[in-house]
Amino acid sequence: MANVSKKDYEKFLNENPPEQGSDLWIIGGVIRMNHMWKGTYGTAVRKHDPIAFEVGYGDYKLISK
């Protein structure tokens, strides 16, 4: 996969969210219920924990080559 965008990474996370009720939904010290119900884990991480999103994006780019 060449040139993976941040939007691609967010979409990947949204398509593969953790289970409802998982501790992974506690993002930025707050449980993100609205995002959990919608299944938008990638969007929640991007908005509420941008450092973790950037770290994950960097790893995603490496494994996607």
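The values are calculated or read from the model by the stated rules, or taken from the named source; none is laboratory data. Small disclaimer: the values here were computed from a predicted structure and weren't measured. Backbone-built Cβ (ideal geometry, glycine too); neighbour counts: all protein chains shown.
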Any hit, the stretch 6-29, residues being of a type outside the set (Gly, Ala, Ser) and touching a His at 6+ places or on another chain (Cβ under 8 Å): yes
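Please report, ordered by residue number, the helices (runs of 4 or more DSSP H) entirely within the chain with at least 1 residues that are acidic (Asp, Glu) and touching a Ser or Thr at 6+ places or on another chain (Cβ under 9 Å). Explain how you work it out, then say what you get.
Details: elements: 6-15, 33-38, 41-48, 50-63.
In the chain, 6-15 are the helices (runs of 4 or more DSSP H) which contain 1 or more residues that are acidic (Asp, Glu) and touching a Ser or Thr at 6+ places or on another chain (Cβ under 9 Å).
Condition check ((1) in contact with a Leu (Cβ under 7 Å, 6 or more places away or on another chain); (2) without any contact (Cβ under 8 Å) to a residue 60 or more places away in the chain; (3) crowded, with 16+ Cβ neighbours inside 10 Å) across all residues:
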position	(1), (2), (3)
Lys7	no, yes, no
Glu10	no, yes, yes
Gly21	no, yes, no
Gly29	no, yes, no
Arg32	no, yes, yes
Lys38	no, yes, no
Tyr41	yes, yes, yes
Lys61	no, yes, yes
Lys65	no, no, no
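Residue-wise test of (1) in contact with a strand residue (DSSP E or B) (Cβ under 7 Å, 6 or more places away or on another chain); (2) at pLDDT 95 or above; (3) of a type in the set (Gly, Ala, Ser); (4) over 18 Å from Val4 (Cα atoms).
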| residue | (1), (2), (3), (4) |
| --- | --- |
| Glu19 | no, no, no, yes |
| Asp23 | no, no, no, yes |
| Gly28 | no, no, yes, yes |
| Lys38 | no, no, no, yes |
| Gly56 | no, yes, yes, no |
| Lys61 | no, no, no, no |
Residues (under 8 Å from the mean Cα position of the chain (by Cα) and among the hydroxyl-bearing types (Ser, Thr, Tyr)) located in the stretch 1-39: Tyr9
